[in-house]
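The values are calculated or read from the model by the stated rules, or taken from the named source; none is laboratory data. Note that the structure is predicted; figures quoted are calculated from it, not measured. Virtual Cβ from ideal backbone geometry, glycine too; neighbours counted across all protein chains shown.
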Amino acid sequence: MIKPVNEIVCHCMNITASDIRSAVQTGRTGSVREVSQCTGAGAGCTACRGRIRRMIAEMQDQPSLAAPICSAR
Ligand code: FES
């Protein structure tokens, strides 16, 4: 299920669904490791890595979500 943009995905690092989506949309990330390197998400207790993995999979399954946002073009 698509997460609301302001929902905290990584509580340790206070990273939102929007932060993760932006990282994936700009094409800088395509894996949990890359999202972690780009945003810091998952760099603490690692409990959120499954949520991050599911978000990436959802975005890859729905190309409109993974497409770059206008400000990133
Ligand atoms: S919740 Fe993301 S590292 Fe702990």
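Which of the residues that make up region 18-48 are more than 10 Å from the chain's Cα centre (by Cα), within 15 Å of the ligand (Cβ to nearest atom) and surrounded by fewer than 20 Cβ atoms within 10 Å (Cβ to Cβ)? Across region 18-48, the qualifying residues are Arg33, Gln37, Gly40, Ala43, Gly44, Cys45, Thr46, Ala47.
Quick grid of which residues meet (1) at pLDDT 90 or above; (2) in a loop (DSSP other than H, G, I, E, B):
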| residue | (1), (2) |
| --- | --- |
| Lys3 | no, yes |
| Ser22 | yes, no |
| Arg33 | yes, no |
| Ala43 | yes, yes |
| Met55 | yes, no |
